[in-house]
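Asks: I have a structure I would like to understand better, so I am pasting it below and will then ask my questions one at a time.
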Amino acid sequence: MTTLSDDERAQMKSNLDIIGRDDINDLEAVLSFVGHYDVDATTGCPTIARGVHLGLREGRQAPTRQALREAKKAQWNGQTDLDWSIEVDQEKVVLNNNEANQDMMQWGQVDLAGTVLEKWGDNEWLKFGVENQNWLLSQFMHGEQGALLCTAKIVETVPWIDAKYYAATQVMDEARHVEVFSKYLDTKLSGHYPMNAHLGLAGRHRQRLSLDMTYLGMQIMVEGLALAASASSTP
């Protein structure tokens, strides 16, 4: 019988709290999510917020006003500023990624015996890589939708008029992100996936009353994770 160390027990408890299972590589648990969600369904997330309405007067936050001026100058149009004529060969992207990282699509020490993956060949793994692109970019799109909702909440709740102005520019920016990811999935890739269950859990901070929790949850934690994920993946 294997005896677990205190660190291993702590890690298992952390995994259980975060993702609902002890072992992050539990293949049966991972595959159990397949088909769990309706692709066309919407995901509801009740929110609690106290709106702050201010008179139409100029504020006195000089740094915020400067940030607002810079944000207005940096506006962009996803329809015209991006070259949508470029074709995307998803299979070529998968092969290039595999060449750059030989372990990218391996299950490591997971025992595949008795599963459908046991008999997979290069063709099946190639198709898996294509679907993984669709899935990954879909999660980015859903994350941007969460950012759109959070920035709209910040406009409503922040108690300074200058901050409301600036936050409104980020609402528009997040709307463009959603638009671009959605169009890319529709016109360059080959399918949408619903929101991953764990991404949905990460969005629970939108239900909090505190403005600080919205900043911490989305602007720091989720956006930070998205930055790391985008840096380590090739759409």
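Asks: Could you count how many residues in the range 134-166 are open to solvent by 10 Å² or more (accessible area, probe 1.4 Å), in a helix (DSSP H, G or I) and not acidic (D, E)?
Replies: The number of residues fulfilling the criteria is 19.
Asks: Identify the residue in the range 167-200 that is hydrophobic (A, V, I, L, M, F, W, C) and assigned to a loop (DSSP other than H, G, I, E, B) and, among all such residues, is most open to solvent (accessible area, probe 1.4 Å). Steps first, please.
Replies: Here is the first cut: in the range 167-200, the residues hydrophobic (A, V, I, L, M, F, W, C) are 167-168, 171-172, 175, 178, 180-181, 185, 189, 195, 197, 199.
Add one more test, that the residue is assigned to a loop (DSSP other than H, G, I, E, B), and what stays is 189, 195.
Numbers: L189: 16, M195: 42 Å².
Filtering first and then ranking leaves M195.
Asks: Spot the failing condition for Y37; the list is (1) at pLDDT below 55; (2) farther than 30 Å from D111 by Cα; (3) open to solvent by 80 Å² or more (accessible area, probe 1.4 Å), and only one is missed.
Replies: The number of the failed condition is (2).
Asks: Pairs, please: C-beta under 7 Å, at least 6 apart or cross-chain, first residue without any contact (Cβ under 8 Å) to a residue 40 or more places away in the chain and in the range 75-100, second of a type outside the set (S, T, Y)?
Replies: So the pair list comes out as E91/L126; E91/V130; V94/L126; V94/G129; V94/V130; N98/M104; N98/M105.
Asks: Within the range 122-174, can you find the residues that are under 19 Å from the mean Cα position of the chain (by Cα) and basic (K, R)?
Replies: Result: K153, single match.
Asks: On to the next question. Tell me the residue from G78, G108 that is at pLDDT below 80 and assigned to a loop (DSSP other than H, G, I, E, B), please. Give the steps one after another, and end with the answer.
Replies: On the way: G78 fails: at pLDDT below 80.
The match here is G108.
The values are calculated or read from the model by the stated rules, or taken from the named source; none is laboratory data. Just so it is clear, the model here is predicted, and its values are computed rather than measured. So basically every Cβ, Gly included, is an ideal-geometry build from the backbone, and we count neighbours across all protein chains shown. What goes into the accessible areas is simple: the full protein's heavy atoms, side chains included, and nothing from ligands, DNA or RNA. Shrake-Rupley method; radii C 1.70, N 1.55, O 1.52, S 1.80 Å.
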